[in-house]
Amino acid sequence: MDWGMKNRISRIIKPSTGRTVMLAVDHGYFLGPTTGLEEPRKTIEPLLPHADTLMLTRGVLRKCVDPQTDVPIVLRVSGGTSVLRDDLSNEGLTVSMNDALRLNVAGVALSIFVGAVNERETLLNLAGLVNEGEEHGVPVLAVTAVGKEMARDARYLGLASRIAAELGAHVVKTYYCEDFEKVVRACPVPVVIAGGKKIPEKDALELSYNAVKRGAAGVDMGRNIFQSENPVAMIKAVREVVHNNATPSQALDLFKTLSTQKKTA
Ligand code: R5P
């Protein structure tokens, strides 16, 4: 692996802990104005100082993030479908590697849809993107998108994550599940988890804790941060779990304390 690739990966996954808190705000690429992300700049700005990496699309990056930021960017480069359609797996690549490089990204991300109608196309998209990434020293994060018909269990997520790694993904983003350690064990590259739909803060902190305890290199979390009643307190609490091994109850205490401080400030 060349220097540029290693350097970019170390900007995404912090070498001091081997972990990362990625803030995912790319939902609009197929969901449109997702709750909490109606005005991306307003959501992103207060959270940015607390994120190790920001995951988003080209359009929102250009218009809603100041180019002076030193937070590494993981750019979503797949899309082409909307929530109005049944064939969400019908994604193609949306950004050229040249433009990603011009945007000075630390990495690029795309979804793969293992077991779906367009499985082959999305896996070949991944392989092609890895070829280009290798040429330019840009790591690829593969997101294992899960169709409604797929079970979010260790067997399926392990299969999808392993295929992503076999095709050359440098980091895999998947979901937490029972026996998650089996998913991590069978995947030879770092695995981060998505947060999924909004759940109570206590449960999201427990999810993060269980994931890192069972081998995840961190989280790539969106809705459970930006839809929280106090997003900044939540991202700080998640950081405590991911980087400082705080227990869920310690992290929840921190969340509550920070939330109270905000109310009384
Ligand atoms: C989904 O396709 C997007 O890539 C999101 O970034 C991902 O699901 C993580 O966000 P959340 O924690 O809200 O699930």
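The values are calculated or read from the model by the stated rules, or taken from the named source; none is laboratory data. These numbers come from a predicted model, not from an experiment. Neighbour counts run over all protein chains shown; Cβ positions are idealised from the backbone, glycine included. Just the protein is used for accessible areas: all its heavy atoms, side chains included, with ligands, DNA and RNA removed. Shrake-Rupley method; radii C 1.70, N 1.55, O 1.52, S 1.80 Å.
Can you tell me the orientation of helix 231-244 relative to the chain, as the angle in degrees between its alpha-carbon axis and the longest Cα principal axis, to the nearest 10?
Tilt relative to the chain: about 70 degrees.
Once you put a point 7 Å from the Cα of T69 and another 7 Å from the Cα of D179, both along the Cβ direction, what distance in nm separates them?
Result for the modelled spin labels: 3.9 nm.
Please state the relative contact order of the chain as a whole percent: Cα pairs under 8 Å, 6+ residues apart?
17
At a probe radius of 1.4 Å, what is the per-residue accessible area of Y209, in Å² to the nearest 10?
Accessible area of Y209: about 60 Å².
With a ≥ b ≥ c taken as the square roots of the eigenvalues of the C-alpha gyration tensor of the chain, please select rounded if a/c is under 1.5 and otherwise prolate if a/b is larger than b/c or oblate if it is not?
Working: a/c = 1.42, a/b = 1.28, b/c = 1.11.
Cα axes put the chain in the rounded bin.
Helix 248-264: angle to the longest alpha-carbon principal axis of the chain, degrees 0 to 90, nearest 10?
60
L101 to A127: FRET efficiency via 1/(1 + (r/R0)^6), r the Cβ-Cβ distance, R0 22 Å, to the nearest 0.05? Intermediate results must be reported in sequence, preceding the final value.
Working: r = 19 Å, r/R0 = 0.88.
Taking R0 as 22 Å, the efficiency between L101 and A127 is 0.70.
Hey, quick one: spin label on A186, modelled 7 Å out along Cα-Cβ, who in the stretch 135-176 has an amide N within reach, i.e. under 11 Å?
Flagged as within label range: 153-163.
What is the distance, in nm, between label points placed 7 Å from the Cα along the Cα-to-Cβ direction at D203 and at D153?
2.1
Quick check of the Kirkwood formula: for the stretch 27-90, what is the inverse mean of 1/r over all pairs of different Cα atoms, in Å? Walk me through the numbers on the way to the answer.
On the way: mean 1/r = 0.0784 Å⁻¹.
After inverting the pairwise mean of 1/r, the radius is 12.7 Å.
I'd like the accessible area for E121: 1.4 Å probe, protein heavy atoms, all chains in place, Å² to the nearest 10.
The accessible area of E121 comes to roughly 90 Å².
Could you go through the stretch 100-106 in sequence order and give the Karplus-derived ³J(HN,Hα) for each residue, using 6.51 cos²θ - 1.76 cosθ + 1.60 with θ = phi - 60°, rounded to whole Hz, and x for Gly and Pro?
Listing the rounded values in order: 4, 5, 4, 7, 6, 6, 8 Hz.
Arranged from highest to lowest average of other beta-carbon atoms within 10 Å per residue, in what order do the peptides 59-69, 215-225, 97-107 appear? All intermediate terms of the calculation are to be shown ahead of the outcome.
Details: 59-69: 13.5, 215-225: 25.3, 97-107: 16.6.
The packing order, highest mean first, is 215-225, 97-107, 59-69.
Angle, helix 3-12 long axis vs. longest principal axis of the chain, Cα atoms, 0 to 90°, nearest 10?
Between helix and principal axis, roughly 40 degrees.
With n ≥ 4 as the cut-off for DSSP H runs, can you work out [θ] at 222 nm for the chain, using -39500 (n - 2.57) per run divided by the number of residues, rounded to the nearest 500? Provide the component values of the computation, followed by the final result.
Working: 12 runs with 120 residues, N = 265.
The per-residue figure over the chain is -13500 deg cm²/dmol.
Can you find, among M234, V117, H136, the residue sitting farthest towards the positive end of the charge dipole of the stretch 3-264, where Lys and Arg contribute +1 and Asp and Glu -1 at Cβ?
Final value for the positive-end residue is M234.
Using per-residue counts of other Cβ atoms within 10 Å, averaged over each peptide, order 139-148, 198-207 from highest down.
Result, highest mean Cβ count within 10 Å first: 139-148, 198-207.
Please report, in whole Å³, the volume per residue of the convex hull around the C-alpha atoms of the stretch 114-219.
Values: hull volume 10.0 nm³, N = 106.
Taking only Cα atoms, the stretch 114-219 has a hull volume of 95 Å³ per residue.
Taking R0 as 25 Å, what's the FRET efficiency between E45 and S82 from their Cβ-Cβ distance, rounded to 0.05?
Working: r = 27 Å, r/R0 = 1.07.
Taking R0 as 25 Å, the efficiency between E45 and S82 is 0.40.
Assigning unit charges at the beta carbon (Lys, Arg +1; Asp, Glu -1) and nothing else, what dipole magnitude in debye, to the nearest 20, does the chain show about its Cα centre? Working shown, then result.
Details: 32 positive and 30 negative charges, 121 e Å.
The calculation lands at about 580 debye.
Kindly sort K14, K236 by accessible area of their heavy atoms, largest first, with the probe set to 1.4 Å. Present the calculation step by step, with values, prior to reporting the outcome.
Values: K14 50, K236 75 Å².
Result, largest first: K236, K14.
Between the stretch 128-183 and the stretch 1-60, how far is it from one alpha carbon centroid to the other, in angstrom?
The distance from the Cα centre of the stretch 128-183 to that of the stretch 1-60 comes to 18 Å.
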